[in-house]
Amino acid sequence: MQGIITALKDTPIPTILVVGGIAFLLLAVAGQVAGKIEVPPARQKWAGLAGTLLLMAGVTLHLIPTLPPGSRAPSGASAAAPSAPDAEHGSTADSRSTGIAAPTVATIRLTPTRGASRPASTSTPPPASIVDSGIPKPVSQAMAIVTPQQGAVSRVQADSLVACLSSGINCVKGLPVLGGATIEFSKIKNFETVNVANSPGVTLNITLLDGTSLQDGLAEDYATGTLRGTTNLGVFEKRLSQVKHVEFQR
């Protein structure tokens with residue numbers, strides 16, 4: 001008897017229900033078991049019904065997965081859950097007291113993938129002096145490269161260059177031409193003197209900053225005048241008739 005109780009205690013409930021249902025169904029069909037247990041015909045119907053119910057209950061409990069104890073957290077457990085550092089220290093303390101190794105907490109670091117968007121560069125643009133804007137410098141920052149008919153080339157500060165009737169007299173910052181106008185050096189890219197047949201004066205080929213080219217004669221009063229300016233070595237002075245070419249470097 002003790003063995004039967006122990007076997008029933010260790011047997012799952014679905015199995016017991018299935019075995020009981022099969023036994024009741026046998027009684028309902030056969031009416032007796034080994035000639036010792038007999039069921040009257042009036043109760044065989046109830047035995048079949050009880051066997052069917054027990055068999056269905058056992059199969060249903062067998063098919064439904066059972067949850068292990070403690071798998072369901074009580075309400076409000078998420079609100080009372082300790083923070084990650086506390087949980088880590090708590091698990092360490094529990095492992096020391098119980099002797100069971102606590103699970104380690106993995107740290108995940110997110111690294112930017114190639115091709116991800118990045119913040120726009122905040123580097124400052126290079127100084128304006130480094131970028132070549134293509135705009136000519138003012139005459140105050142330009143140099144006049146004077147090439148004479150004979151002799152060495154001179155570098156004259158463009159803002160000091162003047163045309164004079166004679167040495168330092170009636171000087172103008174430009175070229176007086178026969179038409180009566182004075183073409184300012186600040187508007188000239190380069191000019192040169194040329195020999196024109198049957199022309200007693202000085203003839204000039206002038207190129208302006210905008211690319212316009214023109215030819216005109218130097219005013220008669222300045223035909224024997226000088227070109228005067230300042231170099232790094234001192235004062236520069238040359239007769240206009242002796243100047244071959246002047247280029248303004250800006």
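Nothing in this text is a laboratory measurement; each read-out follows from the coordinates by a stated rule. Just so it is clear, the model here is predicted, and its values are computed rather than measured. Ideal geometry is used to build each Cβ from the backbone, glycine not excepted, and the neighbour counts take in all protein chains shown.
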Q: Give me the distance in nm between label points sitting 7 Å out from Cα along the Cα-to-Cβ direction at ALA181 and VAL153, one decimal.
A: 3.0 nm
Q | Under 11 Å from the HIS245 label point (7 Å along Cα→beta-carbon), backbone N, region 162-195 | A | 191-193
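Taking the number of other C-beta atoms within 10 Å as the exposure measure, put MET56, MET143 in order starting with the fewest. Can you show the working numbers first?
On the way: MET56 13, MET143 18.
Ascending Cβ contact count within 10 Å gives the list MET56, MET143.
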Q) Tell me, ASP10, ASP221, ASP216 in order of fewest to most beta-carbon neighbours within 10 Å? A) ASP10, ASP221, ASP216
Q: May I ask you to evaluate 6.51 cos²θ - 1.76 cosθ + 1.60, the Karplus curve with θ = phi - 60°, for each residue of region 16-31 and list the ³J(HN,Hα) values in order in whole Hz, giving x for glycine and proline?
A: 4, 5, 5, 4, x, x, 5, 4, 5, 5, 5, 5, 5, 7, 7, x
Q | Whole-Hz ³J(HN,Hα) from phi, Karplus 6.51 cos²θ - 1.76 cosθ + 1.60, for region 232-244, glycine and proline x | A | 5, 9, x, 7, 10, 8, 8, 4, 4, 5, 9, 8, 8
Q: Would you grab the residues whose amide H sits under 5 Å from the one on LYS244? Only those 5+ places off in sequence or on another chain, please, with H modelled 1.01 Å from N.
A: THR147, GLN149
